[in-house]
Structure formats: C-alpha cells, structure tokens
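**Student:** This is the structure I have questions about; it appears just below.
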Amino acid sequence: MSRFATLPLIICTLLLLLGGAGRACAADPVALEVTGVEGDALKNVQQALALPPGLVRDGKVDRLWLERFAGRAPEQVRHALEPFGYYHAVVGVSIEENRGRGRYRLLVRVAPGEPVRVSRVEVSLSGPGAGTAELVGLSRAFPLAKGDVLLQPEYDRAKGGLKSQAVSLGYLDADYTRHEIRIAPGELEARIALTLETGPRYFFDGVSIEGAGDYPEEYLRRFVTFKEGEVFSNAKLAETQLNFTNSERFKQVVVNPQRDLAREHKVPVQVVLTPAPRRSVRPGVGYGTDTGARFTVRFRDLNLFHLGHDLDLNIYAAQRLQGFAGRYTIPSPRDIKTSTMFQLNLQQEDVGTYQSKLVAVEVDRNRSFNRGEVGTAYVKVQEERFTIGGQDSSSRLVLPGFRFSKEYFDNLVRPHRGYRFMVDLRGAHQALGSDSALAQGIVEGNALLPLPWRLALQLRTRLGGTLLADPLGDVPPSIRFFAGGDESVRGYSYQSLGPRDASGQVVGGRHLIFASAELQRYLFDNWGVSTFFDTGNAFSDLNRIKLYQALGIGVHYYTPVGGLNLSLAHPLDSGWTRYRIVFTVGFQL
C-alpha cells in the first residue's frame, strides 16, 4: 500500500481528536494536580477548585490570593466528595512555585477514607395515588439499597424521578412529606426515609382557543393532543404548543392550564394565538453538488378559503434541474398528520447520465396511526420524455401505491438520537392506462445513535427492487435506480453508477443497494467533524452485483435552521489522487 493510502485515516484521526487538543496545547499559570480520587469524584473536585476570575491577570498570578484560595480548598474538596459517600475525607493542600517562570502547581492530596453506606431505606407512598402501579414499581426499584455506598446523585435522581412520575400521571400536588438522610456524626452508616403524598388526580376539562378567528374551530382543534376527561399531562400541553408552533401559522402561542379555575380536579385549558401572515413569497439561492447553483421562488398561502387549506407553489431553476412544484393540502379534523393532498410537478432534468422532461399529477390520502407513524395511499399519473443511453423514448404511467413511514428524532434541526423507516410499494399496468407493467418496492432506513465522548453514529440504507413485464428501455429514468451523489455513494457524481449498455453508458437498473455508516464527533457548541464509509450500486442482474465504496471526512456547522455539511469523499476503486467535494444543507432524514 502506498504511504499516501493512510492519509485519509490520519486526517480523520486528527479531526476526531480536535475536541480535546486545544486544552492540551495551552500551559496554564496555575496547574491543579489532585491525587487520591478518580472518576466522577475527581471531576467534582476539579470543578470545585476552579480558579476564581481575577486570580490570574495578564498571565500573572496573584500569589496572596492563591494562598487564600489554597486555605479554603480542603473544605471545598470535602464538600465535593460528600455526594459520593465520602464524609470523612482528609485533605492536604500545598503550593509549588516554578521560580523564574511565574508558574505554580496547586497540589491536592486526598485520603477519602471509608465511604458511608446505606443501612436502611424506607420509601413509602400515601394519598389517593398510593396504589398506582407505576409509582409502586418505582418506589420498590429505588436504586439505593442496604449496603450500597451513599451516592447523593443517585438519591436525588430517584427522588426527583418518583415525584415527576406522579405529576406526569396527573397527581399535580404530589410532594414529599418526609425526605431525609440521617448520618450520625463519626459513623459510616446512613438511613434514608422518603414519603411521597400524591394528592388528588387531575383531569383535563374543556379547552378554549382565542385569537385566531380567521380559522375554523374544527381546524384549530386538530392541533390539540388531549380530550376532555383525560388524565392531565404537562407533556400533552407541551405537544399541543409544539403542534401550533410548527404549523407556521402563528407567531405566538400560549397554552395556559387554568388550575385556579379547576372544579372537582378538572383543569380547563386556554390557548391564546397570535396569527402570522397567511401569505408569503420567499426567494432563495443555494448550491448543491448534485444540482449545482440554484434559485427558487416559493409562494405559500396557509389559510386558503379561510378553511386552513395550504397552497404551496415553488419555482426552481438549477444548472441541472428546473421545474415547478405545486401542492394543495386539505387538512382533516382528525389530527395534524391526516390530510388529502393534490400535487403537480413539472420538471426538466439534464445530468450526465440522462435527460428527462416530466409532467406528473398525484393525489395522496395521508393518515396518521400511532405517534410518528403515517400511511399514504396515492395515485400518481406521469408523462415522461427522456433520452438515455443515446435513445429517445417516452412513457406514460399510472402508478397506484401505498407508503408507510415511522420516525422519531429528538430534534429535527439538530438531532442527537432517533430513527426513520419508510416502505413504498407501487405498480403500473396497461389495464390502468400505463404503457408498461411493473411492480416496485423501496425501503429506506436511518438511525442516529449517541455514543460516549460526544460521538454519534449515523447509519443509513436504501433498498429497491422492480419486477418488469416489459424491457427496461421502456421504463423512464424516474422509475429506474441509479447510485452516486450527495445522498448516495458520495465518492461518485450524481446518478453515475448503475448498469451500462453496449456503448458503456450508464442506463440505470431494476434494483438498488445502498448503505452508509458515519461516525460524528461534536466540537464546541456549533461544530462537528465526521468520517464515513458509503457502499452501493444499482443493478439489473441479481447474479452480477458489484458494489462501489467510498470513504471520506466531513466538517459540519450547525445553524438554527439546519446544518451546513462539507465533505471530502474518495472512491475506493481509483487512486488516492481522486476526490469529490460534497456540500449539503440540513440533516439527512
């Protein structure tokens, strides 16, 4: 292997280590050295001994202030160790000066001694909710038991969790009538006693919505996630507020539970809305390595006919892609994910592999199931004229289909964990007015897994398969599979991978395999770096599958509207001098 072959790996390693490199390179005028403890206890001691502002000015240490700080350090260290069970620690502190350089070492020697252990635990419930299964289970699973080291963080976490669970179950007045840890002076035993009084259970009463008279009441209530008579839940109030806010129709949303007006433990809820302008025109410019430079103009009316209907029109022009996309959405009063949608798409695409002009009309019926689950039954009618492999052709397809997706991300702009799964089944037949008969299935998956040390692993895959009753040449490019590009094997240009004809031109395939693994390292507040591996290809013969691979590195800057991602990808079937720069915006769902 050439010595240059290891260059990308070296770069990736250096980038992943950047998060901790900055501090190692700087020499502080006062260095802290703590011995005798380790792990979380050590971290807590180091935080307790953080130098106060002003002790070091212009690189010079105030020696008198440092000595006073060192005199108070033993007491601070002892307090920092108590949460970890060490109540009888012996602490020694000394100062060493490097004469001539004005630098000091603050030496802290700790003899933690034997930790205090739990000798008795009493966790009890009282009140109307004392027999609730969830609360009984939590009280019995209290993490500190007889013989365990007394860990204050575990105690606080369990104590707070039990009360939070009671509140989430509608016991809004839940509180502790007894909460104590008893440690006799000089002893190594602790007794824990907790009693949670649940108080009565609260329920939702009616909801009033004010400030949005231009919208029908039935439309507004679809954003409300609770019903009268359900157990009161702060989580459902927060979800309701998020639904209104994410609709983009209101610039201010206040969801106010009126506990002072509660009768018989039923809480009315008031929603106060400040509408945003219903119409907007937004021009935009951008760049993507798949499409090149682009310009867009988007018009949107979020309350067409004063019924909450959504009209979304988008004109776009890029180097390789131009067109118009229109969408008209009729919301259902059932919930915010259920709707009927009409779409019109006029598109002209010219990439190195093919040229295509497409007209498509689609009718969708979307329905939500459980949280994050949406099913869509649709019919798409499209007319496409295309040139591929040096041959001109045209196609008319009537494609009925069904699409199902399930997703959860903790944040759609900058997620740290989550997943998405989608399956799309569609087909066409001459009996329905199509030129060709086919059946096609597409499966996509995406998972983001948090790891220690500010790392995260993102896994993506896309699989596709097609059954054809006619030659592939009769199938338009929009239905064929290709690989390569920003959201595929990143070391190769857009739609450049797939089966080739006799002249060597890529013509696309019946099937697709793609998989990607990307290890990300968060830096500072808004930056990150990553290293990734992509593999995949399109093919038509299941017995002749060739997968292309690429590896690379990326730099990411996170903004309030999404990430800016710049990557350098290298295809592994070529020499190390070949690279491809990839630029994308947002998180790839």
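**Student:** Condition first: β-branched (V, I, T), touching a residue at least 24 places away in the same chain (Cβ under 8 Å) and either assigned to a strand (DSSP E or B) or within 26 Å of P471 (Cβ to Cβ) (or both). Can you find one or more residues in segment 354-366 that meet it?
**Tutor:** Within segment 354-366, one or more residues are β-branched (V, I, T), touching a residue at least 24 places away in the same chain (Cβ under 8 Å) and either assigned to a strand (DSSP E or B) or within 26 Å of P471 (Cβ to Cβ) (or both).
**Student:** Of the conditions (1) of a type in the set (S, T, N, Q); (2) open to solvent by 70 Å² or more (accessible area, probe 1.4 Å); (3) touching a Phe, Trp or Tyr at 6+ places or on another chain (Cβ under 9 Å), N44 fails just one. Which one is it?
**Tutor:** Against the list (1) of a type in the set (S, T, N, Q); (2) open to solvent by 70 Å² or more (accessible area, probe 1.4 Å); (3) touching a Phe, Trp or Tyr at 6+ places or on another chain (Cβ under 9 Å), N44 comes up short only on (2).
**Student:** While we're looking at this one, here's another question. Report, by residue number, each residue of segment 62-84 that is more than 17 Å from V34 (Cα to Cα), touching an Asp or Glu at 6+ places or on another chain (Cβ under 9 Å) and surrounded by 14 or more Cβ atoms within 10 Å (Cβ to Cβ).
**Tutor:** Selection gives P83 alone.
Results for (1) modelled with pLDDT under 90; (2) open to solvent by 40 Å² or more (accessible area, probe 1.4 Å); (3) not hydrophobic (A, V, I, L, M, F, W, C), shown as yes or no for each residue.
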residue	(1), (2), (3)
A447	no, no, no
L459	no, yes, no
G465	no, no, yes
L472	yes, no, no
P476	no, no, yes
I479	no, no, no
A483	no, no, no
V489	no, no, no
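**Student:** If a residue counts only when it is of a type in the set (K, R) and in contact with a strand residue (DSSP E or B) (Cβ under 8 Å, 6 or more places away or on another chain), which strands (runs of 3 or more DSSP E) contained entirely in segment 88-159 have at least 1 such residues?
**Tutor:** Qualifying strands (runs of 3 or more DSSP E): 103-111, 117-126.
**Student:** Would you mind stating whether L542 is aliphatic (A, V, I, L, M) and not in a strand (DSSP E or B)?
**Tutor:** Judged against the criteria, L542 is a match.
**Student:** Of the residues D290, D214, D260, D312, which single one is at pLDDT 95 or above and acidic (D, E)?
**Tutor:** The conditions single out D312.
**Student:** Would you confirm whether any residue within segment 312-324 is of a type in the set (V, I, T), open to solvent by 40 Å² or more (accessible area, probe 1.4 Å) and either touching a Phe, Trp or Tyr at 6+ places or on another chain (Cβ under 7 Å) or not in a loop (DSSP other than H, G, I, E, B) (or both)?
**Tutor:** The answer is yes; a qualifying residue exists.
**Student:** Then there's this: Is it the case, given these coordinates, that G213 is part of a loop (DSSP other than H, G, I, E, B), out of contact with any helix residue (DSSP H, G or I) (no Cβ under 6 Å at 6 or more places or on another chain) and within 30 Å of N314 (Cβ to Cβ)?
**Tutor:** yes
**Student:** Return the residues of segment 271-295 that are assigned to a strand (DSSP E or B) and open to solvent by 40 Å² or more (accessible area, probe 1.4 Å); say none if nothing qualifies.
**Tutor:** V272, T274, P275, R279, V281, R282, P283, V285, Y287, A293, R294, F295
**Student:** Could you list, in sequence order, all residues of segment 419-448 that are of a type outside the set (A, V, I, L, M), more than 14 Å from G465 (Cα to Cα) and part of a strand (DSSP E or B)?
**Tutor:** Passing the criteria: Y419, R420, F421, G445, N446.
The values are calculated or read from the model by the stated rules, or taken from the named source; none is laboratory data. Please read all numbers here as calculations on a predicted model, not as lab measurements. Backbone-built Cβ (ideal geometry, glycine too); neighbour counts: all protein chains shown. For accessibility, only protein heavy atoms count, side chains too; no ligands or nucleic acids. Shrake-Rupley method; radii C 1.70, N 1.55, O 1.52, S 1.80 Å.
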